[in-house]
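Each remark here refers to the structure printed beneath this line.
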C-alpha cells in the first residue's frame, strides 16, 4: 500500500516530508513522514535516526501550513526571550545531522547567526547547554493551548506582517531599479 492509498482511505494529508505530531506516548513528539509500510505511515520522530510505523489516525496530528507559520514565529520569540549569549546550542541540520554552536545573540531576520553558520532557525534547536530542549515542541504546546479565536487572530496578524514585508520589498526593488513598473512576484 502507498501514501496515496493511506491519504484516500483515511482522509489524511499523508505525503513524504509532511510534519506530524505524535501523542500516543503521553507527550507531543514531532516527526516527519518518510514513507509507508502497508497501511501504516513511516515516521521519523525528532531525535530518532530511524523511521517507525504508525497508524495514520491514531494520536497523529498533521501540521498544516498555517500551523507551521505560527510555530516558526513563536519559536523565534521564545529563542529571543530565553537564549543567552554564550549558550551552547545543539542543532539538527538537514539530513538529521546534529552540530553544536555557540549562541552570540546575533540575528538576521528569523535566523540565528553564529561564528560558523548564519542559517539556524530556532525550530531546529534540540539542546541548550547540554540539556534537552525542543523549541519546536514548546512552540507547538503554546500554539495548541490557544483557542480557535486567539489562534486565528495570531494567524491574521502574521499574514498582515508578511503582506507588509512583501510590499516593502516591492517598494525597495522598484526604487532601486528607478522605475515605477510593478515588480512581478
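The values are calculated or read from the model by the stated rules, or taken from the named source; none is laboratory data. Everything quoted here is computed from the prediction, not taken from an experiment. Neighbour counts run over all protein chains shown; Cβ positions are idealised from the backbone, glycine included.
Scanning for something outside the structural domain of residue 154 (by TED's automatic domain parsing), closer than 21 Å to residue 119 by Cα and out of contact with any helix residue (DSSP H, G or I) (no Cβ under 8 Å at 6 or more places or on another chain), does the range 48-64 turn up at least one residue? Among the residues of the range 48-64, not one is outside the structural domain of residue 154 (by TED's automatic domain parsing), closer than 21 Å to residue 119 by Cα and out of contact with any helix residue (DSSP H, G or I) (no Cβ under 8 Å at 6 or more places or on another chain), which makes the answer no. For the range 108-149, how many residues meet the condition of being at pLDDT 85 or above, in a helix (DSSP H, G or I) and over 18 Å from residue 96 (Cα atoms)? Going through the range 108-149 one residue at a time, the tally reaches 4.
If you go through the range 20-60, how many residues are in contact (Cβ under 8 Å) with a residue 40 or more places away in the chain, touching a strand residue (DSSP E or B) at 6+ places or on another chain (Cβ under 6 Å) and over 16 Å from residue 138 (Cα atoms)? Total satisfying the criteria: 3. Among the criteria (1) crowded, with 18+ Cβ neighbours inside 10 Å; (2) closer than 30 Å to residue 166 by Cα; (3) touching a strand residue (DSSP E or B) at 6+ places or on another chain (Cβ under 7 Å), the one residue 106 does not fulfil is (1).
In the range 75-87, the residues that are touching a residue at least 60 places away in the same chain (Cβ under 8 Å) form Cβ pairs under 6 Å with partners that are in a helix (DSSP H, G or I) and surrounded by 17 or more Cβ atoms within 10 Å (Cβ to Cβ), at six or more places apart or across chains, as follows: 75/122; 75/123; 75/135; 75/139; 78/135; 78/138.
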